Amino acid sequence: MRFIHTGDIHLGAIPDYSKPWSKQREKAIWNSFKDVVKEAGKTDFLLIAGDLFHRAPRIEELKEVNDMFEQISPVPVVIIAGNHDFYCNGKGYDVFSWAKNVYFLKNEELSVLTLHPLPVSIYGLSYHSSEITSPLYTEQVIPPDSNFHILLAHGGDSTHIPIDYKQLSDDCDYDYVALGHIHIPKIASKNKKIAYCGSLEPLDYTEVGEHGYIIGEISDDYHLKLKFQKHAKTEYKRIEIKLNLDSTLFQIRDRIEEAIEKEGYEHIYHLVFTGYKPLTLNLSLSQFEDLGQICTLTDKSEEALDYKKLR
């Protein structure tokens, strides 16, 4: 059996709002998700670990997403709500009717879904508020059956369902824990059975590195193999410029331009200045925005003083 584990899609988000490329990034999130759903049509099931939307979804958005899911029927799609798109009575998720192959685990407490005829049981719950401080994921008792047991979860910090990864790995009998909430993909346990898929597309300059989704393969003897599949074409990258007494604006612009040309104009950049800058050199984002997609500037440099001369 093969499955896709994704989450933190944040449909409706507009990264780098008001920048020239922000609308393009908004569309990229939708297009990336559409492509991943198509890929899921070649697998046995699709898991979405919360924050499918950036905020409470509108009915027209739910219709768009439901149509994508219906296109890959009968492949099951299992969804939970996260802290951004939490479940609200009387609107959004609560009043929407999903396609037959879509399973929304809406309860506040853990519930279980068995994907008949697949020997797979999926446990999950949905957020009904933006914060949950109780460690809810260790409360489920796993029955001793022959199914492959997956926990579909969202959280991991003090205000979003705290998780003790060692306890979850050692004391619970889940065969895999498919996590969302942290936007950087990572394996969270030594036995590699707990993993964050990360956000499908990067959403701001703190989310550096590759973004994509996880492909899981379950063998006949229930051995699990995970593979991270890079998907996002655009990354946030950091350019560090070390300044010295002789640095000029012309030289700095040259170095930034060379770095962007080398890394790629499709990426978005965070400029970080370190070292010592001449007293006459003032740095601002507007001086470099024409060189590429530069979203922010952090100046960690110090003004260069000749202390011997000053004394």
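The values are calculated or read from the model by the stated rules, or taken from the named source; none is laboratory data. Everything numeric here is computed off the predicted structure, so don't read it as measured data. No Cβ is skipped: glycine too gets one built from the backbone with ideal geometry, and neighbour counts run over all protein chains shown. SASA here: full protein model, heavy atoms, side chains in, ligands and nucleic acids out. Shrake-Rupley method; radii C 1.70, N 1.55, O 1.52, S 1.80 Å.
What the pair-distance distribution of region 97-146 shows, using all Cα-Cα distances binned every 10 Å from zero, is 20, 48, 27, 5 percent. Put the Cα centre of region 186-213 next to the Cα centre of region 142-158 and the gap is 19 Å.
Applying the Karplus relation 6.51 cos²θ - 1.76 cosθ + 1.60 with θ = phi - 60° to region 116-130 yields 3J(HN,Hα) values of 4, x, 6, x, 10, 10, 10, 10, x, 8, 10, 5, 10, 7, 6 Hz, where x marks Gly and Pro.
Between the amide H of I132 and those of H160, I161, distances stay under 5 Å, these residues lying 5 or more places away or on another chain, with hydrogens modeled in the peptide plane. Rounded to the nearest 10 degrees, the angle from helix 249-263 to the longest Cα principal axis of the chain is 30 degrees.
Per residue, what volume in Å³ does the convex hull of the Cα atoms of region 101-243 enclose? Walk me through the intermediate numbers first.
Numbers: hull volume 22.0 nm³, N = 143.
Value for region 101-243: 154 Å³ per residue.
Put the Cα centre of region 55-93 next to the Cα centre of region 235-296 and the gap is 41 Å. Rounded to whole numbers, the Karplus 3J(HN,Hα) couplings from phi for region 222-227 are 6, 7, 9, 10, 10, 9 Hz, using 6.51 cos²θ - 1.76 cosθ + 1.60 with θ = phi - 60°, and x at Gly and Pro. In this structure, the amide hydrogen of F148, modeled 1.01 Å from its nitrogen in the peptide plane, lies closer than 5 angstrom to those of V120, S121, counting only residues at least 5 positions away or on a different chain. Given in Å, the Rg to one decimal and the Dmax to the nearest whole number for the Cα atoms of the chain are 22.9, 82.
Carbon-plus-sulfur fraction of the accessible area of region 92-236, 1.4 Å probe, in percent? Carbon plus sulfur share of accessible area: 49 percent.
Ranked from the most accessible area to the least, with a 1.4 Å probe and all protein chains present, what is the order of L62, L136? If you can, show how the numbers build up before the last one.
Values: L62 0, L136 30 Å².
Largest accessible area first, the residues go L136, L62.
Working from label points 7 Å from Cα in the Cα-to-Cβ sense, the D145 to K106 distance is 2.3 nm.
Could you list the square roots of 5 times each eigenvalue of the Cα gyration tensor of region 1-149, that is, the equivalent ellipsoid semi-axes, sorted largest first and rounded to whole Å?
On the way: eigenvalues 139, 76, 38 Å².
Working from the Cα gyration tensor, I get semi-axes of 26, 20, 14 Å.
The residues of the chain present an accessible area of 50 Å² per residue when probed at 1.4 Å with all protein chains retained.
The H on the amide N of A49, modeled in the peptide plane, is under 5 Å from the matching H of T6, G7, D8, each at least 5 residues off or on a different chain. For the chain, the longest principal axis of the alpha carbon atoms and the long axis of helix 59-71 meet at an angle near 70°. Solvent-accessible surface of protein heavy atoms, probed at 1.4 angstrom with all chains present, puts L297, L281 in the order L297, L281, largest first. The angle between the Cα long axis of helix 22-40 and the main principal axis of the chain comes to about 30°, on a 0 to 90 degree scale. Between I80, I239, I294, the residue with the greatest mean-square fluctuation in the GNM of the chain (Cα pairs under 10 Å linked by springs) is I239.
Helix-only arithmetic for the chain: the sum of -39500 (n - 2.57) across DSSP H runs with n ≥ 4, divided by the residue total, places the mean residue ellipticity at 222 nm at -5500 deg cm²/dmol.
Taking all protein chains as shown and a probe of 1.4 angstrom, Y265 keeps an accessible surface of around 120 Å².
Given the alpha-carbon gyration tensor of region 205-311, what are the semi-axes of its equivalent ellipsoid in whole angstrom, ordered largest first, with each equal to the square root of 5 times an eigenvalue? Numbers along the way, then the final one.
On the way: eigenvalues 346, 53, 18 Å².
Listed largest to smallest, the semi-axes of region 205-311 are 42, 16, 9 Å.
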